[in-house]
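> Before I ask anything, let me first share the structure, which is written out below as structure tokens.
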Amino acid sequence: MDMHPDLEQVLFSRERIAARVAELGRQISDDYRNGNLLLVGVLKGAVVFLADLMRAITIPHRFDFIRASSYGKGTTSSGYVMLSGQIEHHLADYDVLIVEGIVDTGRTIEALTREFTRSGARSLEVCSFLMKKRARAVPVVCRYLGYEVPDRFVVGYGLDYDERYRHLDCVGILRREVYEL
Ligand code: IMP
Ligand code: MG
């Protein structure tokens, strides 16, 4: 298939993504076989990853969502993370696995960790599809990680720039001309 013209480079094809998600699903199914797994997807970026991941997990589990925003229309974090939406599950009953699309500064995961710890989650781990190779303001431990990516702005597989490109089935680096005008 032709590359989207706004991409500079495709980092992960649909096939590579599917293979990695299958591996993560196997690993999670194995690790949580004696637990009570609740996936909490971080809206909106993690929606596509979560939908694939839950079907790659073979043990019974549930899912929920939380909304986090910090980027607005830009390509850099404002540093301020806003959480919204209501988790329907009583977290103290669950082994919570945060499902995120990409970790950049680490502030979103920091805010979610604080929130879910306060809610008394039985256990708490992070599964992110992508993580940027960079010095992080806040250290983040991802027990499950799809891939590391260069410190560039990437889109596709749920990740957006100004709400665009989420539907791309690959992950690619966005051309600078698209956002540097
Ligand atoms: P952090 O709080 O800086 O770790 O950023 C995490 C959030 O920023 C993610 O949930 C994404 O919504 C967004 N984000 C960070 N880097 C990118 C990127 O390269 N492309 C698209 N969204 C990104
Ligand atoms: Mg975004």
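The values are calculated or read from the model by the stated rules, or taken from the named source; none is laboratory data. This is a predicted model, so every value here is computed, not measured. For neighbour counting, all protein chains shown are included, and Cβ atoms are generated from backbone atoms with ideal geometry for every residue, glycine included. Each accessible area value is taken on the protein alone, full model and side chains, heavy atoms only, with ligands, DNA and RNA left out. Shrake-Rupley method; radii C 1.70, N 1.55, O 1.52, S 1.80 Å.
> Of the beta bridges DSSP finds with both residues in segment 93-181, what % are antiparallel, to the nearest 5?
25
> Take the solvent-accessible surface of the protein heavy atoms, probe 1.4 Å, and return the percent of it on the chain that carbon and sulfur atoms account for.
Carbon and sulfur atoms account for 49 percent of the accessible area of the chain.
> Suppose every Lys and Arg Cβ carries +1 and every Asp and Glu Cβ carries -1, with no other charges. What dipole size does segment 51-178 come out with about its Cα centre, to the nearest 20 debye?
It works out to roughly 360 debye.
> Turning to a different aspect of this structure: Only bridges with both residues in the chain count here: give the DSSP antiparallel percent, nearest 5.
Roughly 30 percent of the DSSP beta bridges within the chain come out antiparallel.
> Compute the accessible area per residue over the chain, keeping the other protein chains in place, probe 1.4 Å, unit Å².
52
> If you don't mind, there's one more thing I want to ask. Taking every pair of alpha-carbon atoms in segment 76-152, what share in percent sits in each 5 Å bin, from 0 to the bin with the longest distance?
Result, from short to long distances: 3, 15, 25, 25, 18, 9, 4, 1 percent.
> Show me, for segment 160-176, the HN-Hα J-couplings you get by feeding each phi into the Karplus relation (A = 6.51, B = -1.76, C = 1.60, θ = phi - 60°), rounded to Hz, glycine and proline as x.
10, 10, 6, 6, 9, 6, 4, 7, 4, 8, 10, 10, x, 7, 6, 4, 4
> Just to confirm a number: summing +1 for Lys and Arg and -1 for Asp and Glu over residues other than Asn36 whose beta-carbon lies under 14 angstrom from that of Asn36, what do you get?
Details: positive: Arg33, Arg62, Arg122; negative: Asp31, Asp64, Asp93, Asp95, Glu125.
Result for the local shell: -2.
> Can you list residues whose amide H is under 5 Å from Val103's amide H, if they're 5+ apart or on another chain and H is modeled 1.01 Å from N?
Leu130, Met131, Lys132
> Follow-up question, since we're still on this one. Do the sum for the chain: with -39,500 (n - 2.57) for every DSSP H run of n ≥ 4, divided by all residues, what is the mean residue ellipticity at 222 nm, to the nearest 500 deg cm²/dmol?
-7500 deg cm²/dmol
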